[in-house]
Amino acid sequence: MRKITVPIGPQHPLLKEPLSMKLEISGERVLGGTLRLGYVHRGIEKLAQQRTYVQNVHLIERICGICSHVHTTTYCSAVEAILGIEIPPRAQYIRALMCELERIHSHLLWLGILAKHVGLDTIFMHAWHDRELVLDIMESISGGRVSHAANEIGGVRFDLDEENETLIRTNISKLHDQVSGVLDVIENEPALQARTRGVAPISTDLIRQYCMVGPIARASGLDVDLRRDDPWPPYDRLDFNVITHPDGDAWARTIVRAEETRESLHLCEAILRDLPGGDVTVRAPRKVPAGEAVTRSEAPRGEVFYYLRSDGSDQPARLKIRTPTLPALSLLPEQLSAINVADIPVVLAGIDLCIACADR
Amino acid sequence: MEKFKKRFSLLSAIIQAWFDKPETVGYPFLPLVLPEGFRGAIVIDPDKCTGCGLCVRDCPAGGLRLEKKSRDEFKLMHHPASCAYCGQCERSCLRGAISHSNALVAATTDARELVVVLKEKQG
Amino acid sequence: MSQIRFDEWVREIREAVGCECEPYDGIQNEYTIRIPAANLRDVMGILKDRFDCYHLSAITAQQHEDRPEELEVIYHFWKGEGISFVMTLPLESLVIESITPDLPGADFYERELAELYGVSFSGREEIPPLLLPDDWNQPPPFLSKKD
Ligand code: SF4
Ligand code: SF4
């Protein structure tokens, strides 16, 4: 059959963010493809070198519209490592709480998008409705739905009071019910299974070769989670299960993310239970002494990597950011070979794309 | 029965949806309830502000501007359209003069509203 | 949980590759070794075969203010903890041997470096544009060259 090349993107109804693919298609089969990024490249790494450390917290927050908190957490811990200050335990717990809330919000958002792509709008509506419960928590404790501005160098900006904790507890227990309901549907719904099972499975070996991180790696049987393997406090004191699945297809990713949402709900409860008292900030100087630091965190999509070098002034000399979508994108051409044209949306949804992060 | 449950796992959710109230808010026809700590429009307490410029120095988005001739003659301006509503100015001000109210900042068609004079002091 | 026995790794790398590799503790939270750029591929081979250390987190390139005539390139690996390999390249010959044959996951990072810093990678297929426009004909945007 004749081979044709179909360009998808940079602007395409299938994509929420600009990404360009050229797919080789023969009949109903996709044979392979190439990728182009950079349509939302904002030069944030370079821009950060012209801002002060304080201003950068807010710049970094805007790398990603979904996992904004984990970026600032990673950045702040890099600065704090060079400064040699340790933030109060209460601040560590609040940072972790926000990270977990963000993971729930991100996974529910993703579940909605996947359901939408396979045509299961009921689940889309339910997942996004439940996500509002998390956003309500975050808005009322931090003041912003997605740009929380929760972190500052030396701690967090807000403290939790009685009222906040009650709101979190009630919303989390509501979410427990909702997520169980959604999981029940996912596990039993034949339409969802028919669309996701066996679609573009990735072997553990390939995952390792492509340095894959996060839920995608875990859905292919690679047991890696930075919260357990390379934790920053308080994760070393918290107990949770790392969810893995051996199949590596879109179905496995759905299950892993859905189960992880439940695990995060438990983590939120544990954090609230163990929340120590005390201050939430320590004073941090504006100028950072010369030094270099590397920090890694487990974002909803996997490992976020920051490298920071300071030269003793109040602006960073180099800030390198690696977001988890970048390795996922490098495996995309591999996944887009030997699938059906109708499965393209499922494959794209399955990797939980965040192009703006990947481009920076 | 098991098979029925598998086939119609969504049924209860669909039936429930007939009886649920809409989740959306009828804004702008109905009032929008925002939480206390929501970072909305920038407000200032003119008695407290001394024109020190700390807020301007730390603003990441160029949302604030200070024209200062002397200690007693300055003008502090806010640009709502450039502002990122990040709350840094509130943190940086040592006198607690500048802060966020929880009022939503609406879009405007009037260019004059894009510059808000927070405090003007003449010598 | 620590999986890197750093001294042992340094010793083995030194013996196997026969290069001078200097451990240094400049980077916080990360083991760091300076290696000559020419030995990168061999070191990578040992990491993979001997220590089963696959995960490349990122490749950083940077220019130090006090050494503007060099580009410093850092390969950040991870296995339970971070381990970095630092090498410096003179601006006149920005060439590194590609590690993509061993580790296909390095592909995007190398392409990013190639476009933004003008580093060329030997031993891999030609690098198609990834980030910059197709008709980009300016010098690499992140590299500052003093005239
Ligand atoms: S608002 Fe506060 S920080 Fe800004 S100029 Fe006035 S006193 Fe200074
Ligand atoms: S909220 Fe942030 S962006 Fe807006 S004026 Fe204050 S510091 Fe500037």
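Just a few scattered comments:
- For B:Ser101, solvent-accessible area (1.4 Å; no DNA, RNA or ligand), Å²: 30 Å²
- Cleavage-rule hits, chymotrypsin sites (Phe, Trp or Tyr not before Pro), the range C:107-141, DSSP coil, Cβ neighbours within 10 Å at most 15: C:Trp136
- Stokes-Einstein translational diffusion, the range C:55-119 - Kirkwood Rh over all Cα pairs, 0.692 mPa s, 37 °C, in µm²/s: 265 µm²/s
- Restricting the calculation to Cα atoms, every distinct pair contributes to the Kirkwood radius of the range A:155-215, found to be 15.9 Å.
- At a threshold of 20 Å², the residues of the range B:24-63 that become less accessible to a 1.4 Å probe in the full protein assembly than in their chain on its own are B:Pro35, B:Gly37, B:Phe38, B:Arg39, B:Arg57, B:Asp58, B:Pro60.
- Among the GluC sites (Glu not before Pro) in the range A:11-72, those placed in a DSSP loop whose Cβ has at most 14 other Cβ atoms within 10 Å are A:Glu28.
- Chain C - percent relative contact order, Cα under 8 Å, separation 6 or more: 19 percent
- Nearest-ten-degree value, helix A:89-117 long axis tilted from longest Cα axis of chain A: 20 degrees
- Cα-based helix-to-principal-axis angle, A:68-83 vs chain A, degrees rounded to 10: 40 degrees
- Computed over the range A:266-336, the percent of Cα pairs more than 15 Å apart is 72.
- Rounded to the nearest 20 debye, the dipole magnitude of the protein assembly as shown is 1320 debye, with +1 charges on Lys and Arg beta carbons, -1 on Asp and Glu beta carbons, and the Cα centre as origin.
- The range A:149-213: trypsin sites (Lys or Arg not before Pro) in DSSP loop, at most 15 other beta carbons within 10 Å: A:Arg197
- Chain A: relative contact order as a whole-number percent, Cα under 8 Å and 6+ apart: 26 percent
- All lysines inside 16 Å of C:Lys48 as judged from Cα atoms, apart from same-chain residues fewer than 8 positions distant: C:Lys79
- Principal axis dimensions, the range C:89-132 - Cα atoms, whole angstrom, descending: 27, 23, 14
- GNM result for chain A, Cα springs below 10 Å: residue of A:Ala250, A:Ala200, A:Ala191 fluctuating most strongly: A:Ala191
- The Kirkwood radius of the range B:31-106, taken over pairs of alpha-carbon atoms, gives through the Stokes-Einstein law at 25 °C and 0.890 mPa s a diffusion coefficient of 190 µm² s⁻¹.
- Cα-based Rg / Dmax (Å) for the range A:99-220: 17.4, 50
- Helix content alone sets the calculated 222 nm mean residue ellipticity of the protein assembly as shown: runs of n ≥ 4 DSSP H residues at -39500 (n - 2.57) each, divided across all residues, give -11500 deg cm²/dmol.
- For the range C:28-69, convex hull volume per residue from C-alpha positions, Å³: 109 Å³
- Too-long pairs where the Cα-Cα distance tops 29 Å, listed order kept, from A:Lys16/C:Lys145; B:Lys69/C:Lys145; A:Lys287/C:Lys145: A:Lys16/C:Lys145; B:Lys69/C:Lys145
- Interface residues of the range C:78-99, defined as those losing at least 20 Å² of solvent-accessible heavy-atom surface relative to the isolated chain (probe radius 1.4 Å), are listed as C:Trp78, C:Gly80.
- Candidate aspartates and glutamates for bridging to B:Lys75, where Cα separation is under 16 Å - those fewer than 8 sequence places away on the same chain excluded: B:Asp45, B:Asp47, B:Glu67, B:Glu120
- Residues in the range A:52-81 occluded by at least 30 Å² - accessible area, probe radius 1.4 Å, against chain by itself: A:Val54, A:Gln55, A:His58, A:Arg62, A:Ala81
- The share of Cα pairs per 10 Å bin across the protein assembly as shown, counted from zero up to the longest distance, runs 3, 15, 25, 26, 19, 9, 3, 0, 0 percent.
- Dimensions (Å) - the range A:1-107, Cα atoms, principal axes, largest first: 65, 33, 21
- In terms of Cα atoms, the Rg and Dmax of the range C:6-91 work out to 12.6, 37 Å.
- Overall, the ratio between the Cα radius of gyration of chain C and 2.2 N^0.38 Å, rounded to two decimals, is 1.06.
- Taking one quarter of the surface of the convex hull spanned by the alpha-carbon atoms of the range A:57-145 gives a direction-averaged projected area of 6.3 nm².
- Buried accessible area, chains B and A (both chains, 1.4 Å probe, Å² to nearest 100): 2000 Å²
- Accessible surface calculations at 1.4 Å, restricted to protein heavy atoms, place the range C:6-147 at 44 Å² per residue.
- Over the range A:168-274, the fraction of Cα-Cα pairs per 5 Å bin, rounded to whole percents and listed from the shortest bin up, is 2, 12, 19, 19, 18, 15, 9, 4, 1.
- Rh by Kirkwood over Cα pairs, then Stokes-Einstein D for the range A:42-359 at 1.306 mPa s and 10 °C, µm²/s: 80 µm²/s
The values are calculated or read from the model by the stated rules, or taken from the named source; none is laboratory data. Model, not experiment: these values are computed from the prediction. Here Cβ is always computed from backbone atoms with ideal geometry, including for glycine, and neighbour counts include all displayed protein chains. The accessibility values were calculated without ligands, DNA or RNA, using every heavy atom of the protein model including side chains. Shrake-Rupley method; radii C 1.70, N 1.55, O 1.52, S 1.80 Å.
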